[in-house]
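Student: Once you've had a glance at the structure underneath, I'll fire off some questions.
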């Protein structure tokens with residue numbers, strides 16, 4: 001059930017972000033604010049972005065920001081920052097408007113979460129609907145409808 | 001056949017890549033074991049995979065490993081995965 005991994009207030013929409021790194025930081029902060037990770041997890045994800053580049057921009061317009069399991073993670077979780085005006089990450093999948101973030105305390109507890117997410121996003125319909133959704137309620141309908 | 005799906009952490013991108021690669025392989029009728037691993041695990045593996053799947057940004061980190069490395073731009077696109085796997089495996 002994908003909805004159980006998104007904490008309260010962990011889906012946010014806004015017009016713009018100053019940079020891809022700022023958007024990633026903000027998305028990961030939603031995990032912190034919803035009790036899924038400690039603030040140090042934000043630094044770990046930004047460090048991973050700095051070292052490896054925007055490899056977690058995994059589909060056109062979509063990023064899934066994350067770092068390795070660590071003591072900074074409290075529970076498996078997901079969050080989403082959706083930008084009306086997409087940002088440039090340096091990936092072939094630019095520009096990016098859906099900045100998902102995820103965390104897991106180990107390499108197993110998030111398997112169901114990613115399984116549901118992967119299955120949903122592999123349909124063109126869900127992907128296109130999400131890219132065009134501007135209201136949080138609509139985003140929730142798309143993300144949670146099939147996973148309930 | 002052994003295939004590695006690789007990402008920086010070995011828990012996110014690689015897991016999604018693994019499950020979609022499995023779907024693409026089953027559509028092609030190809031039997032293979034797909035493992036989600038981190039860059040370090042792929043580099044240090046005792047048993048090297050025949051094929052390695054990764055997003056383009058980390059290809060540099062995988063340079064020199066003795067496997068066919070395939071870059072996947074859109075990991076949700078079963079068409080892209082299927083075509084690239086088919087081209088490499090046939």
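Student: D for the stretch A:91-148, whole µm²/s, Stokes-Einstein with Kirkwood Rh over alpha-carbon pairs at 20 °C and 1.002 mPa s: what number?
Tutor: D, rounded to a whole number, is 168 µm²/s.
Student: For chain A, max minus min Cα coordinate along each principal axis, in Å, sorted largest first?
Tutor: Largest to smallest, the principal-axis extents are 36, 34, 23 Å.
Student: Related question: What per residue convex hull volume, in Å³, do the alpha-carbon atoms of the stretch B:1-82 yield?
Tutor: Given the Cα convex hull of the stretch B:1-82, per-residue volume reads 74 Å³.
Student: Using alpha carbons only, how many angstrom separate the centre of the stretch B:38-59 from the centre of the stretch A:61-101?
Tutor: First find each Cα centre; the distance between them is then 22 Å.
Student: Where the Cα atoms of the stretch A:1-64 are projected onto their three principal axes, how long is each span, largest first, in whole Å?
Tutor: Rounded to whole Å, the extents work out to 30, 26, 24 Å.
Student: So, one more: How big is the antiparallel share of DSSP beta bridges in the protein assembly as shown, given as a percent to the nearest 5?
Tutor: 30
Throughout, read-outs are computed from the coordinates displayed, never taken from laboratory work. Note that the coordinates shown come from a computational prediction; the quantities given were computed from them, not determined experimentally.
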